[in-house]
1. Between ARG37 and GLN24, how many nm apart are label points set 7 Å from Cα along the C-beta direction?
2. Once phi is turned into ³J(HN,Hα) by the Karplus curve 6.51 cos²θ - 1.76 cosθ + 1.60 with θ = phi - 60°, what whole-Hz value does each residue of the range 16-24 show in order, with x for glycine and proline?
3. Amide H of GLU85 versus every other amide H placed in the peptide plane: which residues, excluding those fewer than 5 positions away on the same chain, fall under 5 Å?
4. Give the peptides 208-218, 92-102 in descending order of average Cβ contacts within 10 Å, highest first.
5. Which FRET efficiency value, to the nearest 0.05, is calculated for GLU195 and ALA98 with the Förster distance at 22 angstrom and r the Cβ-Cβ distance?
6. Would you mind getting me the FRET efficiency between THR218 and ARG176? Use the beta-carbon distance for r and R0 = 30 Å, nearest 0.05.
Amino acid sequence: MERVIVARVQGSTHHESVVRWARQEATRRGLALRVVRDGPADGLNDAQLVVAGARDPDGVMFPARPVVLVPEAPAAQRSAGPGAEIVLGVDAREPAQAAVGFAFDAARVRGVRLRAVHSWRFPACAAELRFGVPEEDRATWEDHEVQLLGDALRPWREKHSDVHVLEDVRLLPPARALSRRSASAGLVVVGRNAEREPGPTLRALLAEALCPVAVVPT
């Protein structure tokens, strides 16, 4: 089977930026590029990677294949610098292994830093504190989150010792944390459960991201 990257051009979407990103990635990985215009989603199963517009109605539903969704906003279509980092959205408690692997590989191929972003929130007991969360409690909870992220990434860092990793723990909703980092990133990578419909976090990220977003099914 030919190893290809497929650029899916749907209707009147911003096809130039979609094809441009796909062509650059195909060159980077030494793969062939195939451009499909208004093709059915189920006809792309032989692709190593699918590239589509962020507003493609089938974009996040391609079965069993990672898809990179390129935003329409003019600010999002800028060419990221050659050293732009890869941003990985990771739940340290249940890391999506396929997405983590994809992000490490993307950083390795580009020779850039990988920023692993883990979002957290205060535990339920914080709502019972009458005078707010004491700084020492916040520090303790945050240290625990940092430890969780470090433990989740340790096997991957050992396997990919040539990839520089920055661990980034944020007290923010996941979509907001990732969209903020997307302003200076070359690519944001997230996972999704292939058995479920895309959730509000993924949809919010796709609406706000300022760089392409890779959605990797489990």
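Values in this text are rule-based calculations from the coordinates and carry no lab data. All values reported here derive from a predicted model rather than from experimental measurement. Don't worry about glycine lacking a Cβ; one is built from the backbone with ideal geometry, like all the others, and counts go over all protein chains shown.
1. 2.4 nm
2. 5, 5, 5, 5, 4, 5, 5, 5, 4
3. When sequence neighbours closer than 5 places are left aside, the close amide H contacts are GLY186.
4. For the peptides 208-218, 92-102, the packing ranking is 208-218, 92-102.
5. 0.95
6. 0.85
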